[in-house]
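The numbers here are math on the coordinates, done by the rules we state, and not lab data. What you see is a predicted model; the values in this text were computed from it and never measured. For neighbour counting, all protein chains shown are included, and Cβ atoms are generated from backbone atoms with ideal geometry for every residue, glycine included.
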Amino acid sequence: MKRQVNIAVIGTGRMGSVHTRNLARAIPEANLVAVCDIRLDVAQAIADELGVKRVVRDYHELLTDQSIEAILIATNTDTHAFIVKDVAAAGKQIFCEKPIALDLADVDGQVPGRVQPPVRQEFQARA
């Protein structure tokens, strides 16, 4: 087996729960170590379903955890840009649900022109 990447998910609503289940069940290289949602009961329910031990309400708690290598952002669209900025500043790999913002000015104002580490944006056709 290839090395697993320790991943946390911020946002466990509709798309976040889909991504969380996929990480836990379908991607052997992913080690889902934490979930985060402002609705702690929702995050706890998916954590219990998938056997994830760490559940937090404030995503900032994940940013200082050196064992977390990557973060998937699946929060409300209006929060994506500033969470991406915070996660990038913490040096984590980023996968962000689309769109990254509703207005280009929000991206320009929040996300540095060259983000290190790189941001991955999902584009998936949905019926």
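What to note about this one:
- Selected from Ala8, Ala81, Leu23, residue furthest toward positive end of dipole (segment 5-121; charges at beta carbon): Leu23
- Ignoring lysines fewer than eight residues from Lys98 along the same chain, the ones with Cα atoms less than 20 angstrom from its Cα are Lys85.
- Spin-label model, Thr64 to Val18: label points 7 Å out along the Cα-to-beta-carbon direction sit 3.5 nm apart.
- Stretching the chain fully between Phe82 and Ala105 yields a gain of 7.1 nm (0.36 nm per residue, less the alpha carbon separation).
- In segment 5-121 the Cα-Cα distances spread across 10 Å bins starting at 0 as 15, 50, 30, 5 percent of all pairs.
- Hits among aspartates and glutamates - C-alpha to C-alpha of Lys2 under 18 Å, sequence gap 8 or more where chains match: Glu29, Glu69
- Where labels lie 7 Å past Cα in the beta-carbon direction, separation of Arg57 and Leu40 in nm: 0.5
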